[in-house]
């Protein structure tokens, strides 16, 4: 349960902005959730306070986390099937039910009245009356709904109670069992702390910690990563922190920080960051190389590379060169460089970062895990020709699904006898035994480690 104070303004900008975000996510092709949120907040007709922004995030992320459970409740009160409802009306119902059943200190009247007012802008009067009737009926019969029996249908029961799609629950029940499946879902539904990585090119973690304290609550050191700090409830947007503007940290989950430690880059080496994205791991690689050597940060998205360059400038990183390329295609121009190490943080389903991106739950394309596997294998095969003998490739994905994990590595090694899985890590700054299995595969889980779900394998080229 979460606490929010009421706002009964009938022209409620936070709720309307949240609805705008949810409506855009309902479109077949849409930008990333963070981009939609930023754009929608920037377009809000009134200047939003920090409290408004927080409320928007609570509504959007809350509805996305609990959409399955909310839809189940709505279907019990609405005579119109969900797939027959106008998508915007369905999102209005989701926002209303979320406030009524899952938020504390939002009066039922505020939830109903603002929902009705939003419906008036896009629906005929009879639909507006229907929205009002369904919400008020749900309030009157609060507590009367009975969840499916865990004994009779565990997949349906866990799917509804934890608000995860049933196809995913069935997989996790088979792999993890009932108890761990529920723990995993519960952990993935929690609001995670904001975790950052100290930019050790400019200062130590010990020096950074007091600089963050005035802008947030409960700053603490990460347990395993030596450069990480976590905090909650910032009183301003992260990019407004003076420490951020001065390049003293990057936002990065602890699991992602550990991936760079696995890569173990050394000063003066040649490193390829093959799917660099916005450069979270690129900046960390540069730190561990003490800003020496050469890093080529590649990505197929020119916009992301622009943001990466901006981030490197802010951090004071000067050993990174960007390259626009999709490694689904070979690139002979890099063949002569002989990279010491390659990081392949491959595109994936993202099912390991649901706690930060709950919209991933409801993206039906995630079900086609074999499609991701084929692309990941192609990427790994192509970059494998660029690492020099004795060099290392770290294959990583933010997913714990077998198709994207051991299946990719095992298929790769069948045809690549000149590679082996590295199992010895003598110079790591954390105890890797907490995260690796007998095969040498690195895994993190939200319910076991309190961090995002990652998989990694270190592949050494023998000859």
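The values are calculated or read from the model by the stated rules, or taken from the named source; none is laboratory data. These figures come from a predicted structure and were not determined experimentally. A quick note on method: Cβ atoms are made from the backbone with ideal geometry, for glycine too, and the neighbour counts reach across all protein chains shown.
Which pairs have Cβ atoms under 8 Å, sit 6 or more apart or on different chains, and link a residue in the range 27-51 that is closer than 23 Å to residue 90 by Cα to one that is in a loop (DSSP other than H, G, I, E, B) and at pLDDT below 85?
36/30; 39/31; 41/48
Mind listing just one residue for me: the one in the range 333-346 that is in contact with a helix residue (DSSP H, G or I) (Cβ under 6 Å, 6 or more places away or on another chain) and within 13 Å of residue 270 (Cβ to Cβ) and, of those, surrounded by the most Cβ atoms within 10 Å (Cβ to Cβ)?
343
Residue 409 passes all but one of (1) part of a helix (DSSP H, G or I); (2) within 15 Å of residue 396 (Cβ to Cβ); (3) touching a helix residue (DSSP H, G or I) at 6+ places or on another chain (Cβ under 6 Å); which number fails?
For residue 409, the exception is condition (3).
Going through the range 424-448 one residue at a time, which ones are touching a helix residue (DSSP H, G or I) at 6+ places or on another chain (Cβ under 7 Å) and at pLDDT 95 or above?
441, 442, 444, 445, 446, 447
If you go through the range 410-418 one residue at a time, do you hit one that is surrounded by fewer than 18 Cβ atoms within 10 Å (Cβ to Cβ) and closer than 21 Å to residue 222 by Cα?
no
Return the residues of the range 235-247 that are at negative phi and out of contact with any strand residue (DSSP E or B) (no Cβ under 7 Å at 6 or more places or on another chain); say none if nothing qualifies.
235, 236, 237, 239, 240, 241, 242, 244, 245, 246
Which of (1) surrounded by 16 or more Cβ atoms within 10 Å (Cβ to Cβ); (2) touching a residue at least 60 places away in the same chain (Cβ under 8 Å); (3) more than 30 Å from residue 33 (Cα to Cα) does residue 401 not meet, given it meets every other one?
The one condition residue 401 does not meet is (3).
In the range 156-180, how many residues are more than 16 Å from residue 362 (Cβ to Cβ) and not in a helix (DSSP H, G or I)?
Residues in the range 156-180 being more than 16 Å from residue 362 (Cβ to Cβ) and not in a helix (DSSP H, G or I): 0 in total.
Which residues, counting only those in the range 181-213, are farther than 28 Å from residue 62 by Cβ, touching a residue at least 24 places away in the same chain (Cβ under 8 Å) and assigned to a helix (DSSP H, G or I)?
Within the range 181-213, 205, 208, 211 qualify.
For every residue, the table says whether it meets (1) within 19 Å of residue 255 (Cα to Cα); (2) not assigned by TED's automatic domain parsing to the domain that holds residue 182; (3) not in a strand (DSSP E or B).
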{"site": "417", "(1), (2), (3)": "no, yes, yes"}
{"site": "420", "(1), (2), (3)": "no, yes, no"}
{"site": "425", "(1), (2), (3)": "yes, yes, yes"}
{"site": "429", "(1), (2), (3)": "yes, yes, yes"}
{"site": "438", "(1), (2), (3)": "no, yes, yes"}
{"site": "447", "(1), (2), (3)": "yes, yes, yes"}
{"site": "455", "(1), (2), (3)": "yes, yes, no"}
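Only one of (1) modelled with pLDDT of 95 or more; (2) in contact with a helix residue (DSSP H, G or I) (Cβ under 6 Å, 6 or more places away or on another chain) fails for residue 129. Which number is that?
(2)
Among the strands (runs of 3 or more DSSP E) confined wholly to the range 214-332, which include 2 or more residues that are free of Cβ contacts under 8 Å to residues at least 60 places away in the same chain and surrounded by fewer than 14 Cβ atoms within 10 Å (Cβ to Cβ)?
By residue number, 217-221, 320-324.
May I ask you to say which residue of 48, 95 is within 27 Å of the chain's Cα centre (by Cα), in a loop (DSSP other than H, G, I, E, B) and not assigned by TED's automatic domain parsing to the domain that holds residue 363?
Only one candidate passes the filter, namely 48.
If you go through the range 350-369, how many residues are assigned to a loop (DSSP other than H, G, I, E, B), surrounded by fewer than 24 Cβ atoms within 10 Å (Cβ to Cβ) and at negative phi?
Number satisfying all stated conditions: 5.
Hey, among 41, 74, 56, which residue is modelled with pLDDT of 85 or more, over 21 Å from residue 353 (Cα atoms), in contact with a helix residue (DSSP H, G or I) (Cβ under 9 Å, 6 or more places away or on another chain) and surrounded by 13 or more Cβ atoms within 10 Å (Cβ to Cβ)?
So the residue among 41, 74, 56 that is modelled with pLDDT of 85 or more, over 21 Å from residue 353 (Cα atoms), in contact with a helix residue (DSSP H, G or I) (Cβ under 9 Å, 6 or more places away or on another chain) and surrounded by 13 or more Cβ atoms within 10 Å (Cβ to Cβ) is 74.
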